[in-house]
Amino acid sequence: MFYIVYDHNEEAGFLKLNINEALEPYTANDSMELERIYLTANASGKGIGSFLMHHVFETAKQLNKKIIWLKVMDSSTGPISFYQKKGFEICGTTQLSFELMKPELRGMYIMKKSLITE
């Protein structure tokens, strides 16, 4: 699912969800990936990110997902903090394979939020 986000008729960003994307040990039917959430500088700080996260959570619940997961650059302290405030926890690491990217910017955290009590 791909969403274009508007704020008062002005493009403010986008959101991309992968509805059936597995994260071990969960199956694709149990998992949903938040692949991208991007807001323009003008849209930041207006509560739009929190509104979008509420939409993500509601979509996952409607689809009976057990977890939502995402990848975030390990150097992106602002987004990591935002996701942690929304209930996500770091559960793994990975590396981007883009050879032209600086090695110190390739590190990624995998974060997940459980929607069930285990």
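The values are calculated or read from the model by the stated rules, or taken from the named source; none is laboratory data. Quick caveat: nothing in here was measured; it's all calculated off a predicted structure. Cβ: placed from backbone, ideal geometry, glycine included. Neighbour counts: every protein chain shown.
Below is a table of values for the structure above.
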read-out: Filter result (β-branched (Val, Ile, Thr) and within 13 Å of the chain's Cα centre (by Cα)) within region 18-52; value: 19, 37
read-out: The listed residue being at pLDDT 95 or above, on the phi > 0 side of the Ramachandran plot and not small (Gly, Ala, Ser), out of 29, 9, 64; value: 64
read-out: Hits in region 9-56 - residues which are in contact (Cβ under 8 Å) with a residue 40 or more places away in the chain, buried (at least 18 other Cβ atoms within 10 Å of the Cβ) and over 16 Å from residue 72 (Cα atoms); value: 48, 52, 56
read-out: Those residues of region 70-118 which are modelled with pLDDT under 85, surrounded by fewer than 16 Cβ atoms within 10 Å (Cβ to Cβ) and not hydroxyl-bearing (Ser, Thr, Tyr), in sequence order; value: 96, 98, 99, 100, 101, 102, 103, 104, 105, 116, 118
read-out: Residue in region 57-69 that is surrounded by the fewest Cβ atoms within 10 Å (Cβ to Cβ), counting only those that are under 18 Å from residue 109 (Cβ atoms) and β-branched (Val, Ile, Thr); value: 67
